[in-house]
1. Quick check: from the Cα gyration tensor, does the range 277-403 come out rounded (a/c under 1.5), prolate or oblate?
2. Going by alpha carbons, how many degrees (0 to 90, nearest 10) lie between the helix axis of 274-285 and the longest principal axis of the chain?
3. Cut-off 10 angstrom, C-alpha nodes, Gaussian network model of the chain. Which of Ile210, Ile94, Ile291 fluctuates the most?
4. Relative to the longest principal Cα axis of the chain, at what angle does helix 99-111 sit, 0 to 90 degrees, rounded to 10?
5. Would you mind checking the pairs Lys80/Lys101; Lys24/Lys239; Lys101/Lys133 and listing those with alpha carbons more than 18 angstrom apart?
6. Could you identify which residue out of Gln277, Gln288, Gln265 has the top mean-square fluctuation in a GNM of the chain using Cα springs shorter than 10 Å?
7. Cross-link candidates for Lys164: which aspartates and glutamates have Cα within less than 16 Å, leaving aside residues fewer than 8 places away along the same chain?
8. Just the number, please: percent antiparallel of the DSSP beta bridges in the chain, rounded to the nearest 5.
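Bear in mind these aren't lab numbers, they're just calculated from the coordinates by the rules spelled out. Here the structure is a predicted model, which means the values were calculated and not measured.
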Amino acid sequence: MSYVAGRLAAVKPSASMAASMAAKALRATGVDVIDLGLGEPDFPTPPHIAEAAHAAALRGETLYTASAGTPALRAAVAEKFRRENGLDYGPDDIVVANGAKQIIFNALMATLNDGDEAILPAPYFVSYPEMVKLLGGVPVTPICSAEAGFRLTPEVLEAAITPKTKWLFLNAPGNPSGAVYSAAEMQALGAVLAKHPQVLILSDEIYEHILFDGRAFVSFGKACPELKGRTLIVNGVAKAYAMTGWRVGYAAGPAPLIKAMTTVQSQSCTSVAAPMQAAALAALTGPQDCIPVFKAAFERRRDLVVAGVAKIPGLTLPPPEGAFYAYIGCADLIGKRTPKGEVLADDVAVSNYLLAEGHVSSVPGSAYGLSPFFRLSTATADTVLTEAIARIARAVAALRDTE
Ligand code: PMP
């Protein structure tokens, strides 16, 4: 289509959305499909949060707000960083946007010049490279292998940095791998970054509260305080409070960057909807008891999926340390023949096969920059996950070696 802007040419629609659409299309033909493509908590938003939005609207909080967010919400975000992360930020260091995604988009829009590079350790959240490309930047995607625990090492980071590097993205607990970094591992990365003062750091901490095996969360900002002047901490209410559809994210960082991001926001969407900000305020300042309840459910499901996958020959899944995904290695399935006679050439073929034959929707690892894997979302009922694993086991068992 000739009217589409050139900058969109290299940008792909979200792969997890695409997987979900393929699942819906198959379901529309009458097939009972289990959709483990999209990742969002399956719990309802706690009622006191929904009621806060309702009350705010009735009170007349229905007007534009300050672009960076209401003073009350920004104060609550600052307090959250103090209480939960031991970080000290003032109201001018904080901005609120329509989801962590818009925070990241605003940050890139505010900083990228054409040709600037962003280091996105692979496997990465699918939207990172697409946003970078959309805004004129160049994604640099060093591989963080399963053997390295899907973690960026100082050596790999050093090799990826060039004079054009503008950003390093870190995401822990990570989507899709669930990997986390110890404070020492973050500090080792920090030592490399100290040598390259042109590099900004974006730490996406949206899965902070979904962390397993008794691990305590350490913010990158806490581990590397010497980098505070060029670190943007990204977070939001979507995952912690089962609020994906409310679209509220926030960030803390150096005031000049926050100011530039706020300018982008003020000229694009003005602000987050006022009642949604009231809901986020209630989430951050109200009872926090949903957090351990959600975490326990996600950890139980992680265990269920890890145990199930361990019994399927040809699949590998080191236990994810956090988040709600299983990033399953499928190298041993590549080259196998399906009952219909097709040969599985790559992880896209594996994912398509699992949908067509197993009626389970997943997202191929190629979408996250590391193959051959496929990602299942484990944010769904235990019974559904058990059935999905059984279907995958049957589909894998039906594969044959090629001669
Ligand atoms: N970052 C990561 C790593 C994510 O997985 C997601 C959601 N899938 C987001 C950001 C987006 O969060 P939000 O819903 O707040 O935009």
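1. Since a/c reaches 1.5 and a/b is larger than b/c, the shape of the range 277-403 is classed as prolate.
2. Its long axis makes an angle of about 80 degrees.
3. The residue that fluctuates most here is Ile291.
4. 70 degrees
5. Lys80/Lys101; Lys24/Lys239
6. Of Gln277, Gln288, Gln265, the most mobile in the Gaussian network model is Gln288.
7. Result set, ordered by chain and number: Asp114, Asp116, Glu117.
8. Of those bridges, close to 50 percent are antiparallel.
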